[in-house]
Amino acid sequence: MLGSAYPDDGAAERLVQAAQKVWTGAGSRLLITAGSGCAGRGDLSTAAAQGFAHAAAERLGIAESNLLFASAGPVFMHFPVGEELRRLERAMSAQKTSSPEGPGADSVSIPFRLTDGAVAVSAARFFAPNPGFGSMVWMAGIDADVGRPVLEDMARPLWLAGPEALRARTGPVPGDVLLLFSTAVHHDNPVMRWEDPRRAPLEAALSAALGVLARRAGAAIGALPCVLEGADSAQEAVHAARRLAPALVVFRCELLELAESDRPRVLSEFLRSVLLTTGIAGFERTPVSVRIANALLYEGLRQPEQSGANIEAVHAWLEGSEELSIHLGRGRLGFRFWA
């Protein structure tokens with residue numbers, strides 16, 4: 001485990017070793033999913049597959065017959081990721097490693113307990129060396145037996161927890177890839193159906209592991225922690241975040257030039273105006289509230305009088321130690337991202 005604040009219990013290494021042992025077909029399942037920038041055919045998807053092929057060949061030895069390919073775009077559709085998939089399968093080598101290596105690589109391992117026993121959840125992130133414009137390979141694995149249909153259903157929310165959360169400020173990068181794998185170490189009681197009560201906690205554990213990697217990567221580049229809550233759907237939350245994050249990147253510089261006493265008011269006005277441009281139907285009637293920690297910046301049409309707590313809260317957010325929370329007041333779903 002590299003660069004982790006968590007104690008190294010060896011689970012990440014054991015997961016990869018177990019995966020390498022069962023690629024011959026002993027129940028292992030690997031799902032490769034890519035963002036909308038890489039779905040389909042053409043130059044971008046070819047570059048994505050080439051980038052992944054090179055990185056995967058360096059780090060995992062995977063038999064061609066044991067790879068299950070899918071691309072999870074924004075509408076849950078599954079596509080071939082360009083004609084380079086065949087080249088990817090041929091390019092897999094026997095080289096193995098137990099942890100990600102190289103600049104910016106990171107991994108995390110989380111022991112996780114279910115009612116019928118303990119499992120290990122691990123995630124890793126590293127830059128793909130080819131095509132060389134910043135694409136990342138993300139991995140999330142679990143040593144329980146989880147069926148492919150369940151992994152496929154998990155792909156979209158886990159993409160949001162990792163790659164999408166970090167890329168909200170820039171948009172998707174062609175070549176970003178997420179690998180989900182079940183090493184099937186525990187065969188006693190496989191998770192084969194969406195309705196299985198263990199599916200939700202397993203998805204939450206994988207999401208938490210990917211979220212840790214996104215948080216550490218965001219902090220490393222000085223991005224600001226944000227969360228959109230109360231959305232009517234995950235798609236609505238992501239759509240709003242994609243409008244907010246790039247604007248916040250630019251606005252941050254202007255905010256830093258203001259007197260600290262003016263920042264809460266100006267930030268509130270800015271967020272209100274940007275949110276109105278999201279194009280979400282009926283959004284102008286939505287009772288939005290914005291908080292940083294316990295400080296309320298605004299709620300609906302009401303903007304509280306500025307206080308020392310608000311000033312300190314905005315200062316803490318700009319330093320990256322507190323999270324900006326925007327509650328849309330429309331539903332129960334949310335999306336954590338970095339701006």
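The values are calculated or read from the model by the stated rules, or taken from the named source; none is laboratory data. A quick note: this is a predicted structure, and the numbers were derived from the prediction, not measured. A quick note on method: Cβ atoms are made from the backbone with ideal geometry, for glycine too, and the neighbour counts reach across all protein chains shown.
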Cβ pairs under 7 Å, 6+ apart, first in the stretch 147-161 and closer than 15 Å to residue 204 by Cβ, second among the β-branched types (Val, Ile, Thr) and assigned to a helix (DSSP H, G or I): 160/238
Report, ordered by the first and then the second residue, all pairs with beta carbons closer than 7 Å, sequence separation of six or more or different chains, a first member in the stretch 171-188 that is closer than 15 Å to residue 120 by Cα and modelled with pLDDT of 65 or more, and a second member that is surrounded by fewer than 20 Cβ atoms within 10 Å (Cβ to Cβ) and of a type in the set (Lys, Arg). none
Test residue 226 against the criterion of being at negative phi and either under 11 Å from the mean Cα position of the chain (by Cα) or modelled with pLDDT under 90 (or both), and give yes or no. no
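Look through 257, 269 and report the one residue that is free of Cβ contacts under 8 Å to residues at least 40 places away in the same chain, over 23 Å from residue 296 (Cβ atoms), surrounded by fewer than 15 Cβ atoms within 10 Å (Cβ to Cβ) and over 17 Å from the mean Cα position of the chain (by Cα).
Values: 269 fails: over 23 Å from residue 296 (Cβ atoms).
None of the other options fit; the residue is 257.
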Given (1) within 27 Å of residue 322 (Cβ to Cβ); (2) touching a Cys at 6+ places or on another chain (Cβ under 8 Å), identify the lone condition not met by residue 217. (2)
If I filter the stretch 292-329 down to residues being touching a residue at least 40 places away in the same chain (Cβ under 8 Å) and surrounded by fewer than 20 Cβ atoms within 10 Å (Cβ to Cβ), which single residue comes out as farthest from residue 271 (Cα to Cα)? 320
Going by what's in this entry, would residue 219 be described as at negative phi, out of contact with any His (no Cβ under 7 Å at 6 or more places or on another chain), part of a loop (DSSP other than H, G, I, E, B) and aliphatic (A, V, I, L, M)? no
Going by the conditions given, is residue 289 loosely packed, with under 15 Cβ neighbours inside 10 Å and at pLDDT 85 or above? no
Read through the list (1) of a type outside the set (Ser, Thr, Tyr); (2) touching a residue at least 40 places away in the same chain (Cβ under 8 Å); (3) surrounded by fewer than 16 Cβ atoms within 10 Å (Cβ to Cβ); (4) part of a helix (DSSP H, G or I), then give the number of the only condition that residue 252 fails. (3)
For residue 274, are the conditions met, namely being buried (at least 20 other Cβ atoms within 10 Å of the Cβ) and among the β-branched types (Val, Ile, Thr)? no
